[in-house]
Structures are given as C-alpha cells and as structure tokens.
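Q: Supplied in structure tokens, the structure appears directly below.
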Amino acid sequence: MGYNETLVPKLAIHFGMILDTSSPLTWLVAPAYDKLIQAFLPSITKFPKPKDNQSIALQHCFDSTMGYNETLVPKLAIHFGNGAKFEPLVKSYVVGDDVKCLGFVRPDGVPTSIISNLLQQSHMWEFDLFNEKLRFTPSTCTSD
C-alpha cells in the first residue's frame, strides 16, 4: 500500500481543539470522527475482530496478530490554520498490543475536539502564552 494520508476534517478544528495531557484518547466532534473512521475502516476490517470484543471500551478494534503492520493504515495529519501540519506516529492512534484499536472517541454532545496525550507523544510541545502561539516538533524526548 502506498502512502495514504488521512486528514482530520476542518470541522474538528472549526469547533475548537483542546490539547489535553491527561486524556489517553482523542475526542473528535461527530462530523470529524465519522469521516476519519470511514477513512480507516478499509484498512482495519481486513483483520479479524477480537474474540472478547465485549470487554473493550473502544469501537474499532482488531486482532493484530494476523499480519498487522503500521504501513497498512493511513497516516494521520492535522492541519492548523497557520499552515502547520501535525503528523503523529501511527502507534499514537492505533493503540494496544495483540488487540489494537483506533484511539478515537466520538463524544456525543461535546462541542469541541481533544488531542490526547497519546497523540501528542513523540513530539515536543511549546505553549507560548505571551505570544499566543503553539509550537511542536517531532522529538525522541532524549537529552542527546
């Protein structure tokens, strides 16, 4: 499968977005969530559902022991209004071990999206409150 990028629909950003360092799952407003899931379903429905799907809180899970590889799912990109492009690692939104799930939640009645701490991993974040700027860059978070 060639490079395929899935964009978070502009609706997610239009309604507002929160960066949350305590929430493990990314919340997307309903229109954005629905479009994003539709983009991912073709790549994850190739894998069997977990045997004990009842104990999993997330909706879109699969058994990754049957040939899963990160290159089989689309790359996610969030484009911000100023042209910045945030590209989290696949392991930050396809989460789990033998059973993997899409780490997105569709919270009904919540008018904003939340970028979770898992999605923020492998990036260095700078919150410049004085200048009202948010900066980020890929990082291994080592002291080298």
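The values are calculated or read from the model by the stated rules, or taken from the named source; none is laboratory data. Bear in mind the structure is a predicted one, so any value in this text is a computation, not a measurement. No Cβ is skipped: glycine too gets one built from the backbone with ideal geometry, and neighbour counts run over all protein chains shown. The protein model used for the area step is the full one, side chains on, heavy atoms only, and it has no ligands, DNA or RNA in it. Shrake-Rupley method; radii C 1.70, N 1.55, O 1.52, S 1.80 Å.
Q: Quick one: which residue in ILE37, ILE78 is of a type outside the set (Lys, Arg) and within 19 Å of ASN117 (Cβ to Cβ)?
A: On inspection, the qualifying residue turns out to be ILE78.
Q: Name the single residue that is surrounded by the fewest Cβ atoms within 10 Å (Cβ to Cβ) among those in region 18-40 being over 13 Å from the mean Cα position of the chain (by Cα) and of a type in the set (Ser, Thr, Tyr).
A: Per the stated criteria, the residue is SER22.
Q: Is it true that LYS51 is basic (Lys, Arg), open to solvent by less than 80 Å² (accessible area, probe 1.4 Å) and either in contact with a strand residue (DSSP E or B) (Cβ under 8 Å, 6 or more places away or on another chain) or over 21 Å from PRO138 (Cα atoms) (or both)?
A: When the stated conditions are applied, LYS51 does not pass them.
Q: Here's another thing I want to ask about it. Please give the number of the condition GLU126 fails out of (1) in a strand (DSSP E or B); (2) surrounded by 15 or more Cβ atoms within 10 Å (Cβ to Cβ).
A: Evaluating GLU126 over (1) in a strand (DSSP E or B); (2) surrounded by 15 or more Cβ atoms within 10 Å (Cβ to Cβ) leaves (2) as the failure.
Q: Sticking with this one: Residues in region 64-108 that are of a type in the set (Ser, Thr, Tyr) and at pLDDT below 90: how many?
A: Of the residues in that region, 0 qualify.
Q: So which residues in region 54-104 are within 19 Å of MET124 (Cβ to Cβ), in contact with a Ser or Thr (Cβ under 8 Å, 6 or more places away or on another chain) and among the hydrophobic types (A, V, I, L, M, F, W, C), if there are any at all?
A: Selection gives LEU76, ALA77, LEU89.
Q: Is it true that THR45 is of a type in the set (Ser, Thr, Tyr) and open to solvent by 90 Å² or more (accessible area, probe 1.4 Å)?
A: The answer is yes for THR45.
Q: Here is a list: ILE13, ILE18, ILE37, ILE44. Which entry is at pLDDT 85 or above, aliphatic (A, V, I, L, M) and closer than 22 Å to HIS79 by Cβ?
A: Just one listed residue meets the conditions, ILE37.
Q: Mind listing whichever residues of region 18-53 are in a helix (DSSP H, G or I) and either of a type in the set (Gly, Ala, Ser) or touching a Lys or Arg at 6+ places or on another chain (Cβ under 6 Å) (or both)?
A: ALA30, ALA32, TYR33, ALA39, SER43
Q: Go through region 91-104 residue by residue and tally those that are farther than 19 Å from SER139 by Cα, touching an Asp or Glu at 6+ places or on another chain (Cβ under 9 Å) and surrounded by fewer than 18 Cβ atoms within 10 Å (Cβ to Cβ).
A: Residues in region 91-104 being farther than 19 Å from SER139 by Cα, touching an Asp or Glu at 6+ places or on another chain (Cβ under 9 Å) and surrounded by fewer than 18 Cβ atoms within 10 Å (Cβ to Cβ): 1 in total.
Q: So, one more: Looking at region 54-90, which of its residues are open to solvent by 20 Å² or more (accessible area, probe 1.4 Å), in a helix (DSSP H, G or I) and free of Cβ contacts under 8 Å to residues at least 24 places away in the same chain?
A: GLN54, SER55
Q: State yes or no: is PRO111 under 21 Å from LEU25 (Cα atoms) and at pLDDT below 85?
A: Considered against the rule, which asks whether it is under 21 Å from LEU25 (Cα atoms) and at pLDDT below 85, PRO111 comes out as yes.
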